[in-house]
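Undergrad: Got a structure here, written out as structure tokens. Questions coming.
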Amino acid sequence: MRLDKYLKDARIVKRRTVAKILCDAGKVRVDGKVAKAGLELRGGEWVEVEYAGKRIRVLVGPPGGPPYLSREEERISGGGLPPHAERGDSLFSFGEEDAPSSR
């Protein structure tokens, strides 16, 4: 099965096009090597995906069996969010008036 189809069928990503974008960006590794979307999986490979601030690592199951035999998930520090979002602060102070414009 193709890698991009596997990522969708195993419900790691919602759409196959998203899987292809992640592969093209180098965010998907198979057995430690950056992989292309068209790579054929046979079962027994470790697939690692960095997506949405998480690193997901799965052991691909055999053809006709469960999609994965093992799944590990961890948060990536930072996750690509700006510092105020990680702290839970708002970007803008609500209730404050904007400065009057100078015309």
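Derivation of every value follows stated rules applied to the coordinates shown; laboratory data play no part. These numbers were taken from a predicted model, which means no experiment stands behind them. Virtual Cβ from ideal backbone geometry, glycine too; neighbours counted across all protein chains shown.
Undergrad: Under the rule of at least 5 residues apart or a separate chain, name every residue whose amide H is placed under 5 Å from the amide H of Lys54.
TA: Excluding prolines and chain starts, which carry no amide H, the hits are Ile76.
Undergrad: With 10 angstrom as the radius, rank Leu22, Leu3 by how many other C-beta atoms surround their C-beta, starting from the fewest.
TA: Arranged by neighbour count, lowest to highest, Leu22, Leu3 become Leu22, Leu3.
Undergrad: Continuing with the same structure: Of Ala35, Gly65, Gly53, which is farthest on the positive side of the dipole of the stretch 3-78, counting Cα position, with +1 on Lys and Arg Cβ, -1 on Asp and Glu Cβ, and the Cα centre as origin?
TA: Going by the Cα projections, it comes out as Gly53.
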